[in-house]
């Protein structure tokens, strides 16, 4: 495992009182059946145009309502910028990847993770 991958896989911190980071959890999908799926740190994230854009660094849990609100995207080694992925962008989760309903060129429009800010 490369050093950049180790750093990515071990990035899990509690950023503020109302936000907790988890390394795995269950999330509902916005598709018709709404069946919850298991997501864990290290899963690949794939855009709607079949580009692997990174991996899951953590699941962001709203501590007040105890629900996962976002996934934290890790794009190391290219950049150390983490972005919030709203759960409604997830169209499918399989054993190794999370598939998004967004093209790779739109990735920069996702909010950047700021430890003192909770994104909605």
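Quick note: the coordinates plus some simple rules give every number you see, no bench work behind them. Remember, predicted model here, so these are calculated numbers, not experimental data. Here Cβ is always computed from backbone atoms with ideal geometry, including for glycine, and neighbour counts include all displayed protein chains.
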How many nm separate the modelled label positions at residue 66 and residue 103, each set 7 Å beyond the Cα in the direction of the Cβ?
4.2 nm
Just the number: Rg to Rh for the stretch 22-68, Cα atoms, Kirkwood Rh, two decimals.
1.01
For labels at residue 18 and residue 44 in the simple 7 Å Cα→Cβ model, what's the distance in nm?
3.7 nm
Apply 1/(1 + (r/R0)^6) to the Cβ-Cβ distance of residue 112 and residue 52, taking R0 = 25 Å, and write down the FRET efficiency to the nearest 0.05.
0.80
